[in-house]
Amino acid sequence: MRYYSLGTCAPTHPAMNKLLISSLSLLLIPAGSVVIPAARAQAQTEIENLPEAKGKDVVEKVCSVCHEPQAVSKYRKSKDDWSAVIDDMVTKGADASDADLDIIIGYLAKCFGPAVNVNTAAAGDLAKQLELSAQESDSIVQYRGSNGMFKAVDDLKKVPGLDFGKIEPVRYRLTF
């Protein structure tokens, strides 16, 4: 990592010094570092309880043998990626029927699938990714168009025609 010295080239006006110093502070971030916005960082921390959805009981029963089931909440993966994780867990000793493994994969893909930004996603993407009806996803897009960007999950409770019960299981996938 290289650090740059102000040397004798530093401007003498205080406002320019402040601007230069704040600009140079960005150079001190090592290459390859990732800065995660607060909303995204929150989505990558462990949660206290798994969301209510079909399969939660199977996830808790099977996964708790080796680790806290909430450990999965740090990840956002596609159904194929969750399937690979579950296959790996089976090779390490996870014991469940094929039917239970399918239920676990379905639960994880629904509740901890790829992140969806409700402020930028098109209605079709919201419907597909969050398993909403076309009417519900259109309502979200119309509401944000009329009322501005959503700032938190609970803001979606204000959307007319949206069954908020469908948002609860996917809440950890939402970004703003």
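Points worth noting:
- Exclusive hit being surrounded by 20 or more Cβ atoms within 10 Å (Cβ to Cβ) and in contact with a strand residue (DSSP E or B) (Cβ under 8 Å, 6 or more places away or on another chain), set Leu108, Leu126, Leu132: Leu126
- Any hit, segment 79-87, residues being aliphatic (A, V, I, L, M), farther than 17 Å from Leu50 by Cβ and touching a residue at least 40 places away in the same chain (Cβ under 8 Å): no
- Scope segment 152-176; condition farther than 22 Å from Cys111 by Cβ and in contact (Cβ under 8 Å) with a residue 24 or more places away in the chain; matching residues: Gly161
- Scanning segment 126-136 turns up one or more residues that are over 25 Å from Asp57 (Cα atoms), in contact with a Leu (Cβ under 6 Å, 6 or more places away or on another chain), at pLDDT 95 or above and among the charged types (D, E, K, R).
The values are calculated or read from the model by the stated rules, or taken from the named source; none is laboratory data. Remember, predicted model here, so these are calculated numbers, not experimental data. All Cβ positions, even for glycine, are placed from backbone atoms using ideal geometry, and neighbour counts span all protein chains on display.
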